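Below: one structure, written as structure tokens.
The values are calculated or read from the model by the stated rules, or taken from the named source; none is laboratory data. Keep in mind that what you see is a predicted model, and the values were worked out from it rather than measured. Positions of Cβ are generated from backbone atoms using ideal geometry, with glycine treated the same way; all protein chains shown enter the neighbour counts.
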Amino acid sequence: MTRVFSGIQPTGQKHIGNYLGAIRHYVADQERYGAEAIFCVVDLHSMTQPFEPAELTTSTRDTFATLVASGLDPERAIVFVQSHVHEHAELAWLFNCIATMGEVERMVAFKEKSAGRKSVSVGLLTYPVLQAADILLYLADRVPVGEDQRQHLELARDIGQRFNSRYGELFPLPQAAIPPSAARISDLQEPERKMSTSSMSSEDGKLLMLDEPDVIRRKFKRAVTDSGSEIRLDWETKPGVSNLLEILQGVTGEPIDALEARYEGKGYGHLKIDTAEAVIEHLTPIRERHAELMADTAELDRLMALGASRARAIAVPVLAEAKARMGLLPGAPA
């Protein structure tokens, strides 16, 4: 039996890179692993940087609805909001007492996000420990992550191994599962940079999953391409065209070499138009389902509660066992 766990931060609306690089792979894992596929909106992680409470509330609902609209089903896979399962935070404290300062201080993400700042939250330093708790709480074997999160997964493995050595075998050591394709999606205006909703780039560079069709067409029409006229995948010399090909391949499933052959002798305009229409066709059902969910608060709350209940069925006994192994006395029954 293989158990999968992955989390996604509720930092604004999700873009096409989030979808092609992560969310669609979540749906594939649901089809493969069913109830052993666990996906979490990690709202506690979003608190490590300055935030507005009302925006966090809205973004958490929006992200959960986006996951469900994309095909995740809380009655098949386990889909929930991190803060709805308090065992995450409690196990994170136990792991804080196992991890070392040297380990968390050398995390590249902490160095990058704290660079040039006089003061940062303790949470920014220790959130990789919470991330370890997220994963190990569910005894996960497989963790779909981007390459930028590999170091954090290694920390989770180190913490799990240290716990097992000191207190007895409990946690399997999870393996990273890096998506094999379409994980590299760049900004439409600055194709040398990864697409990001948190960057200061132009709004035309960010293709959001919930963009209306006319907005999508406009953004692709304005997308930056390259010198020359040949349409081929070459990130070194043709990043703009390569980005369009990767997006088109991602939403159609057609191999890159077949796309290159199709557009041989054609101009960039054809590629932009076709990519825009393919993206619209792919994302329209997701946008419409998302709108239905956001308009039905009761149903959205029901699905979040269902996911949290299913997650706690796994988390509660694992946390209880970890506490007992570490010598903590059991409390009164809940």
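Overview of values
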quantity: From the options Tyr127, Tyr167, residue that is over 18 Å from the mean Cα position of the chain (by Cα), at negative phi and modelled with pLDDT of 90 or more; calculated: Tyr167
quantity: Identity of the residue in segment 244-301, assigned to a loop (DSSP other than H, G, I, E, B) and farther than 19 Å from Val79 by Cβ, that ends up farthest from the chain's Cα centre (by Cα); calculated: Gly265
quantity: Residues located in segment 90-113, provided they are surrounded by 14 or more Cβ atoms within 10 Å (Cβ to Cβ), at pLDDT 95 or above and hydrophobic (A, V, I, L, M, F, W, C); calculated: Leu91, Ala92, Leu94, Phe95, Ile98, Ala99
quantity: Residue in segment 226-236 that is modelled with pLDDT under 90, acidic (Asp, Glu) and more than 24 Å from the chain's Cα centre (by Cα) present; calculated: yes
quantity: Residues being of a type in the set (Val, Ile, Thr) and more than 25 Å from Tyr167 (Cβ to Cβ) - total across segment 98-121; calculated: 2
quantity: Failed item in (1) aliphatic (A, V, I, L, M); (2) farther than 16 Å from Ile16 by Cα; (3) in contact (Cβ under 8 Å) with a residue 40 or more places away in the chain, with Leu233 passing the rest; calculated: (3)
quantity: Any pair with Cβ under 8 angstrom, 6 or more apart, that starts in segment 236-251 at a residue that is in the same structural domain as Leu271 (by TED's automatic domain parsing) and closer than 13 Å to Ala276 by Cα and ends at one that is surrounded by fewer than 23 Cβ atoms within 10 Å (Cβ to Cβ) and polar (S, T, N, Q); calculated: Leu244/Thr225; Gln249/Ser181; Gly250/Ser181
quantity: Residue list for segment 120-160, restricted to those being surrounded by fewer than 20 Cβ atoms within 10 Å (Cβ to Cβ) and under 15 Å from Met47 (Cα atoms); calculated: Val120, Ser121, Val122, Gly123, Leu124, Leu125
